Amino acid sequence: MTTVEQPTAAELRRAAQREEIRAEILAASRTLVDQEGPKALTMRAVARSIGYSPGALYEYFDSKQDILEALYFQGTEGLEGRTRQVVEAAGPHASTSDRVSMAGRAYRSFALDHPDLYLLIFSMRHTRERGTVGPDHLPDDSSFGSLVELLRAAQQSEEIGGGEPEHLAAALWSFVHGFVMLEITERLPTHIPGVTDRIFETGLELLGEGLRPRPEAARIDKDRR
């Protein structure tokens with residue numbers, strides 16, 4: 001029988017201290033971004049604000065991009081927290097299509113609230129080693145992973161159609177992200193009140209239709225089993 005070693009008290013203290021310092025770095029970074037804008041955020045500026053050397057920050061974050069992504073995606077103040085709050089507020093009886101639409105609206109709303117940070121993050125080539133979801137190595141950040149699990153559970157209950165849940169999630173993300181990028185860069189008719197909202201909702205409706213199980217496809221899939 002394999003014995004799993006439990007962390008020592010000293011190891012737990014070090015881990016807790018590390019999380020506290022990461023939280024301090026992120027709090028200082030958020031203040032800097034809020035006051036001076038995303039482009040003002042540098043490792044040197046963050047280090048100066050909390051009395052650390054720039055080199056010390058690299059023990060907690062690999063790069064400025066890591067800090068920016070943590071600010072945007074993680075925690076209760078990030079996209080992850082915003083999306084979770086919206087979806088959980090829908091209650092247990094909401095359909096998968098409704099939950100996906102809510103998540104899409106939360107993504108768009110959060111991006112429009114932080115357009116400069118959004119554009120800066122997605123203008124960077126993503127080179128950091130990341131976790132994987134499924135065989136095709138799609139991103140495993142918590143927001144994307146939660147969407148994958150939502151779709152996988154809906155497939156198991158036959159509420160939505162087949163296909164790799166990772167691929168479905170990537171397709172949904174691609175639509176919402178692409179729409180938001182076009183909207184923020186004013187490549188959509190944002191000057192006409194209500195038009196972009198209607199276009200976005202039309203896109204969500206089409207995605208919802210695409211998630212519905214197709215009887216013929218379901219029959220073929222069942223025969224294969």
Considering only segment 79-112, how many residues are without any contact (Cβ under 8 Å) to a residue 24 or more places away in the chain and in a loop (DSSP other than H, G, I, E, B)?
5
Could you please tell me which pairs satisfy a Cβ distance under 8 Å, a separation of 6+ or placement on different chains, a first residue in segment 177-196 that is within 12 Å of Ala111 (Cβ to Cβ) and assigned by TED's automatic domain parsing to the domain that holds Leu120, and a second residue that is β-branched (Val, Ile, Thr) and surrounded by 14 or more Cβ atoms within 10 Å (Cβ to Cβ)?
Phe179/Ile199; Glu183/Thr196
Could you please find all residues in segment 28-43 being of a type outside the set (Val, Ile, Thr) and loosely packed, with under 14 Cβ neighbours inside 10 Å?
Asp34, Gln35, Glu36, Gly37, Lys39, Ala40
Of (1) modelled with pLDDT under 85; (2) outside any helix (DSSP H, G or I); (3) surrounded by 10 or more Cβ atoms within 10 Å (Cβ to Cβ), Arg125 fails just (3)
If we scan segment 95-107, do we find a residue that is surrounded by fewer than 16 Cβ atoms within 10 Å (Cβ to Cβ) and either modelled with pLDDT under 90 or farther than 13 Å from Leu211 by Cβ (or both)?
no
Picking from Gly37, Gly75, the residue that is touching a residue at least 40 places away in the same chain (Cβ under 8 Å), on the phi > 0 side of the Ramachandran plot and under 15 Å from the mean Cα position of the chain (by Cα) would be Gly75
List the helices (runs of 4 or more DSSP H) inside segment 139-225, counting only whole elements, that have at least 3 residues being at pLDDT 90 or above and under 22 Å from the mean Cα position of the chain (by Cα).
142-156, 165-184, 195-211
Could you list, in sequence order, all residues of segment 47-68 that are part of a helix (DSSP H, G or I) and either in contact (Cβ under 8 Å) with a residue 60 or more places away in the chain or surrounded by fewer than 16 Cβ atoms within 10 Å (Cβ to Cβ) (or both)?
Arg48, Ser49, Ile50, Pro54, Gly55, Ala56, Gln65, Asp66
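The values are calculated or read from the model by the stated rules, or taken from the named source; none is laboratory data. All figures in this text were calculated on a predicted structure; none of them were measured in a lab. Counting neighbours? That spans all protein chains shown, and the Cβs are built from the backbone with ideal geometry, glycine included.
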